[in-house]
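What follows is a set of notes on a single structure, which appears directly below.
The values are calculated or read from the model by the stated rules, or taken from the named source; none is laboratory data. Model, not experiment: these values are computed from the prediction. In this analysis, Cβ positions are derived from the backbone assuming ideal geometry, glycine residues included, and neighbour counts consider all displayed protein chains.
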């Protein structure tokens with residue numbers, strides 16, 4: 001009950017407790033009856049409130065019979081709000097056993113818990129009398145009068161008189177929750193476990209429980225009858241009373257959360273007993289991938305027989321359970337997993353118009369040691385599923401969904417797996433009868449492609465719309481070099497750079513790749529490994545054997561021999577090649593010029609004895625600028641170093657000894673065979 005705008009309202013449950021039928025109230029609300037004023041509870045829109053004064057006289061009498069004066073009842077509400085639920089009491093009465101392990105009835109557990117909660121409040125108020133006077137503005141006498149009235153109207157299982165109530169408070173303070181239990185429900189003296197000659201013995205009870213629970217925790221997975229026979233043999237020899245099968249059964253059942261790990265194993269405990277996290281799917285695509293192998297329950301025939309099935313490795317985006325990648329094989333393998341992820345990368349690029357990588361990927365532990373580097377390069381975060389915890393992988397129920405919705409309608413469907421309920425499996429006899437009509441491997445592969453294609457068609461529009469809502473800065477792009485490193489395959493041998501570029505052989509076919517990066521051409525002295533993606537051979541990744549240098553090469557464009565056959569793109573590419581070669585020639589000549597200048601600076605100050613033949617020859621070697629270089633420069637159209645050469649010669653003429661020209665001529669004559677110029 002509550003007062004709203006000076007009007008008294010009752011809750012739906014309070015009206016029902018007063019004896020009004022639920023259907024009567026619902027029908028009145030549905031019809032918007034004039035004799036009822038029903039509003040939504042401002043504090044909780046899920047609830048309704050019924051105005052007291054608007055009720056008919058007979059309904060008012062029902063309310064007064066149940067609660068007394070409703071205005072007086074609601075005035076005592078601040079006292080009711082002081083009472084807090086005692087969850088320890090609730091647990092105590094839930095675990096309480098009497099007379100051969102009987103449990104308390106539900107209504108009595110609730111009644112005792114409510115009484116304990118009230119007694120807790122009364123004991124607290126007894127210590128803090130100032131709170132009653134200051135906050136409730138009541139005298140102690142008036143407070144207990146209100147409490148006695150509430151006990152009567154709310155039917156709380158406590159004494160109604162002040163004297164008996166105070167006595168109950170003292171008893172509860174001394175003896176705790178057990179003091180609230182009625183004598184009909186026994187006590188520890190009536191328990192079967194721990195019953196000694198002098199009554200209940202806690203130490204004996206602990207020993208007997210220990211034997212029972214130890215037997216129940218063994219890996220042999222004994223049933224209650226086996227445990228009863230075993231422990232009673234021990235009890236007889238110890239002179240302890242024997243116990244019944246029912247007592248053992250109930251004790252084992254109550255403590256199954258303790259015996260499960262030893263009896264059924266850690267995996268079963270984690271799946272059935274351990275606390276599970278409740279998770280929600282990501283809001284956007286590419287945030288969480290999960291993958292696993294699925295044995296497709298579609299039989300096909302080949303030369304080995306008729307009981308053949310294929311395995312599909314599926315990469316599932318948890319956002320909308322979209323099958324972003326898959327690969328088909330005979331069995332799950334590391335290569336099949338990589339193929340499925342490669343397919344996912346290709347599909348993402350087709351779908352979103354760019355190369356992206358997932359933020360997080362969850363996998364099982366298959367091949368985890370060898371696949372960890374692969375997963376780590378593929379995703380920002382890798383989180384393997386806990387061993388044996390199938391509930392942590394949403395892909396398992398997805399496989400069941402595919403099996404039931406897509407595979408089961410086919411006549412060659414093989415069922416729900418070996419662990420499935422036998423009542424739900426297909427007719428094995430009939431399958432054997434029609435086995436000659438089973439499709440071949442190619443037929444089943446075609447069906448699998450159809451299933452994935454259909455799944456993508458159904459979910460693709462929503463998947464794309466969610467991707468478009470993902471902020472650009474949250475999208476994890478992946479470069480072509482990284483993509484080839486992750487998903488590519490090596491050719492298995494090395495290639496050297498030629499004038500045409502790199503010429504690897506891939507799957508028996510020779511391809512030509514090249515790059516306009518000068519750094520690549522500068523490493524023509526090194527062999528390169530080639531990494532390729534067989535689904536897209538337009539580019540490859542090449543790297544030196546020490547992995548220090550990496551380049552992404554483009555497949556070489558083939559230019560028509562006839563100019564008439566060339567298209568604008570051909571002319572553009574031809575011009576690009578010419579510009580590249582021209583820049584490389586310029587780079588060569590600039591290097592020559594730079595080296596000449598540096599060598600000249602050193603040679604000017606190098607102390608050489610020109611009277612010594614070898615030293616004079618050394619000077620001539622690094623300072624001679626004959627016609628051959630001039631001709632080379634003319635032929636190349638590169639005369640930029642000519643001014644430098646002339647300036648150097650002038651300086652040299654001043655610095656060189658007087659006899660240098662003569663020694664130079666002698667050196668030249670000694671190195672020249674004039675007979676070759678004579679007829």
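Taking segment 216-257 as the range and being farther than 23 Å from residue 195 by Cβ and either buried (at least 17 other Cβ atoms within 10 Å of the Cβ) or at pLDDT below 90 (or both) as the test, the residues that pass are 217, 222, 256, 257.
Between 381, 351, 336, which is without any contact (Cβ under 8 Å) to a residue 24 or more places away in the chain and in the same structural domain as residue 314 (by TED's automatic domain parsing)?
On the way: 351 fails: without any contact (Cβ under 8 Å) to a residue 24 or more places away in the chain; 336 fails: without any contact (Cβ under 8 Å) to a residue 24 or more places away in the chain.
Just one listed residue meets the conditions, 381.
Only one of the listed residues (326, 306) is modelled with pLDDT of 95 or more and either part of a strand (DSSP E or B) or under 14 Å from the mean Cα position of the chain (by Cα) (or both). That residue is 326. The requirement of being free of Cβ contacts under 8 Å to residues at least 12 places away in the same chain, touching a helix residue (DSSP H, G or I) at 6+ places or on another chain (Cβ under 9 Å), outside any helix (DSSP H, G or I) and not assigned by TED's automatic domain parsing to the domain that holds residue 142 is fulfilled somewhere in segment 31-38, by at least one residue. With respect to the conditions (1) farther than 13 Å from residue 487 by Cβ; (2) at pLDDT 90 or above; (3) touching a helix residue (DSSP H, G or I) at 6+ places or on another chain (Cβ under 9 Å); (4) surrounded by fewer than 19 Cβ atoms within 10 Å (Cβ to Cβ), residue 390 lacks only one, and its number is (2).
One residue alone among 404, 435 is in contact with a strand residue (DSSP E or B) (Cβ under 8 Å, 6 or more places away or on another chain), modelled with pLDDT of 90 or more and either assigned by TED's automatic domain parsing to the domain that holds residue 318 or over 25 Å from residue 321 (Cβ atoms) (or both), and that residue is 435.
Listed conditions (1) buried (at least 22 other Cβ atoms within 10 Å of the Cβ); (2) within 17 Å of the chain's Cα centre (by Cα); (3) within 22 Å of residue 415 (Cα to Cα) are all met by residue 296, apart from (2). Taking the criterion of being closer than 24 Å to residue 11 by Cα and surrounded by fewer than 15 Cβ atoms within 10 Å (Cβ to Cβ), the residues of segment 81-105 that qualify are 81, 84, 85. Looking across segment 238-279, the residues that are in a helix (DSSP H, G or I), within 20 Å of residue 393 (Cβ to Cβ) and without any contact (Cβ under 8 Å) to a residue 24 or more places away in the chain come down to 268, 269, 272.
Take residue 530 and decide whether it is outside any loop (DSSP other than H, G, I, E, B) and surrounded by 13 or more Cβ atoms within 10 Å (Cβ to Cβ). Here the answer is yes, as residue 530 does meet what is asked. You will find that of 577, 552, the residue that is free of Cβ contacts under 8 Å to residues at least 60 places away in the same chain and either touching a strand residue (DSSP E or B) at 6+ places or on another chain (Cβ under 8 Å) or over 30 Å from residue 343 (Cβ atoms) (or both) is 577 and no other. For the structure I just gave you, tell me whether residue 308 is outside the structural domain of residue 343 (by TED's automatic domain parsing), in contact (Cβ under 8 Å) with a residue 60 or more places away in the chain and surrounded by 16 or more Cβ atoms within 10 Å (Cβ to Cβ). No; evaluated as a whole, the condition is false for this residue. Counting only helices (runs of 4 or more DSSP H) that sit wholly inside segment 110-202, those with at least 2 residues that are at pLDDT below 80 and outside the structural domain of residue 248 (by TED's automatic domain parsing) are 129-134. Scanning segment 515-527 for residues that are assigned to a loop (DSSP other than H, G, I, E, B) and either in contact with a strand residue (DSSP E or B) (Cβ under 7 Å, 6 or more places away or on another chain) or in contact (Cβ under 8 Å) with a residue 12 or more places away in the chain (or both) yields 515, 516, 517, 523, 524, 526, 527. Residues of segment 457-475 include none that is surrounded by 11 or more Cβ atoms within 10 Å (Cβ to Cβ), in contact with a helix residue (DSSP H, G or I) (Cβ under 8 Å, 6 or more places away or on another chain) and free of Cβ contacts under 8 Å to residues at least 60 places away in the same chain. On inspection, residue 212 does not qualify as modelled with pLDDT under 85 and surrounded by 18 or more Cβ atoms within 10 Å (Cβ to Cβ).
Residue under question is residue 69, and the condition is that it be without any contact (Cβ under 8 Å) to a residue 24 or more places away in the chain, more than 24 Å from residue 257 (Cβ to Cβ) and within 45 Å of the chain's Cα centre (by Cα); does it hold? No.
Does residue 59 satisfy the condition of being touching a residue at least 12 places away in the same chain (Cβ under 8 Å), exposed (fewer than 13 other Cβ atoms within 10 Å of the Cβ) and part of a helix (DSSP H, G or I)? Break it down stepwise before answering.
Numbers: touching a residue at least 12 places away in the same chain (Cβ under 8 Å): yes; exposed (fewer than 13 other Cβ atoms within 10 Å of the Cβ): no; part of a helix (DSSP H, G or I): yes.
So residue 59 fails the test.
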